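All remarks here apply to the structure that follows.
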Amino acid sequence: MNNNIDRKALRNAFGSYMTGVTVITAITDDGEPVGFTANSFTSVSLDPPLLLVCPAKTLSSFEVFANCKHFTVNILSEDQQDISNIFAGSKEDRFNQIKWHADEQGSPVIEGALTHFSCKTDRNLEAGDHHLLVGEVLDFKANEGRGLGYASGGYFSLGLEREAAEVSTQEKHVRVGVIIEHQGKVLLSQNEGKATLPMTTAADNTNAVSTIMQFMTEKQLNAQLGAAFSVFEDSKNNINYIFYRATTESADAQGLGEFVAIDDIKQQSFVTLAIDSMMNRYAIESKNGFYGVYVGKEDSGKVH
C-alpha cells in the first residue's frame, strides 16, 4: 500500500473521468427520505440486473445506506444542476425543495429525472472510506432527453457542447476563446486599452474544442479545459464566438496578460459589450458554482 500518494491530486485525477450525475435515495426506518449526490454509479450486470453506487462514510445518512434494504438511483437530466447541488451541499430539508414521489418500495423518485432505477440491496461491502452498494434492479423508467454531465469539478451539458461544436464546424468565421481561472482570478489580455480574453480563430472544419486546445498548447498555457460558457453570433460583423471555461494551477500568464480578481471584473472596460456582459455573468455565477451556457446573439439570447 502506497501511503505517499497526494490525495488531492488523486481526487483531481479521478475527477478527470467524465460521468453523469445521480442522486441516490432511500427511506429511513422512521419513514424519512434521505439522499445524496453521486457520480460513482456503474452498471454491473444484465442477468441478473445489477448496478453499483458508492456511498461515502462521511455522509450524514451513511448508516441508512449501509443498512438499507432498498434504494433508488435517479439519473439527473441536464436541467437539474440545482437538484444536484441541493443533495451535494444543502443542510436544509432537501426533499421540501424538490418534487418527488415514492416508488413501490417507498424510496424517493425525483420528478423530471432522466432515468430512475428502483433497487433492492444485493450486497453492501466495506471498501476503504466508502461502501460498495450493489443493487438488484426491480423496476426502472427512462425518459427522453440528455443527462447532466460532470468532469474536473464542473457540470456540462452534452447537448449544448454539441451545439457549440456544430456552430464551429458549420460557420466560416468562428472565434474561440477561453476564460482561464486561477485561485479566484481570471486571465485578461489588453487590446488598445480594453480588456479581452485569450482567443483564436478556428480553421475550416475544425471544431471549437480542438481549436482552443491547440491554442493553449501553443501558448504553453497549462490549463484544464471545462465546459462551454457562451456561444453567440456577432450579427453586425458576421462572426460567431464560442467561449469555454478552464482552470489552471499556474499563475504564469505566458505573456498573454495578467490574472485579475473575479471581484474586480465589474471595474474592467471590455472590448465589446457582449464580452462585458459575459464576464459580468461569469463573476456572478462563479460565486455560487451555478454555471449556465449562453446561446444567442451579441445582444439577445438565453442562458441554459
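The values are calculated or read from the model by the stated rules, or taken from the named source; none is laboratory data. Note that the structure is a prediction, hence the values are computed from the model and not measured. We place every Cβ from the backbone using ideal geometry, glycine too, and count neighbours over all the protein chains shown.
Can you say whether D299 is at pLDDT 90 or above and among the acidic types (D, E), as far as the supplied structure shows?
no
List the strands (runs of 3 or more DSSP E) that sit entirely inside the range 54-124 and contain at least 1 residues that are in contact (Cβ under 8 Å) with a residue 60 or more places away in the chain and β-branched (V, I, T).
Of the strands (runs of 3 or more DSSP E) lying wholly inside the range 54-124, those with at least 1 residues that are in contact (Cβ under 8 Å) with a residue 60 or more places away in the chain and β-branched (V, I, T) span 70-75, 108-110.
Which number in (1) loosely packed, with under 13 Cβ neighbours inside 10 Å; (2) in contact with a strand residue (DSSP E or B) (Cβ under 8 Å, 6 or more places away or on another chain) marks the one condition that S300 misses?
(2)
This table checks each residue for (1) small (G, A, S); (2) under 28 Å from N12 (Cα atoms); (3) assigned by TED's automatic domain parsing to the domain that holds N85.
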{"site": "Q220", "(1), (2), (3)": "no, yes, no"}
{"site": "A223", "(1), (2), (3)": "yes, yes, no"}
{"site": "N237", "(1), (2), (3)": "no, no, no"}
{"site": "F259", "(1), (2), (3)": "no, yes, no"}
{"site": "M278", "(1), (2), (3)": "no, yes, no"}
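Could you count how many residues in the range 20-58 are under 21 Å from G128 (Cβ atoms), in contact with a Leu (Cβ under 8 Å, 6 or more places away or on another chain) and surrounded by fewer than 16 Cβ atoms within 10 Å (Cβ to Cβ)?
Counting residues in the range 20-58 that are under 21 Å from G128 (Cβ atoms), in contact with a Leu (Cβ under 8 Å, 6 or more places away or on another chain) and surrounded by fewer than 16 Cβ atoms within 10 Å (Cβ to Cβ) gives 2.
Against the condition touching a Ser or Thr at 6+ places or on another chain (Cβ under 7 Å), part of a strand (DSSP E or B), modelled with pLDDT of 95 or more and surrounded by fewer than 17 Cβ atoms within 10 Å (Cβ to Cβ), how does L138 come out, does it pass?
Answer is yes for this residue.
For the range 252-270, indicate whether the set of residues that are assigned to a loop (DSSP other than H, G, I, E, B) and touching a Gly at 6+ places or on another chain (Cβ under 9 Å) is non-empty.
For the range 252-270, residues assigned to a loop (DSSP other than H, G, I, E, B) and touching a Gly at 6+ places or on another chain (Cβ under 9 Å): present.
Considering only residues that are in contact (Cβ under 8 Å) with a residue 12 or more places away in the chain, surrounded by fewer than 14 Cβ atoms within 10 Å (Cβ to Cβ), out of contact with any helix residue (DSSP H, G or I) (no Cβ under 8 Å at 6 or more places or on another chain) and of a type in the set (A, V, I, L, M, F, W, C), which ones fall in the range 243-291?
A251, A261, L273
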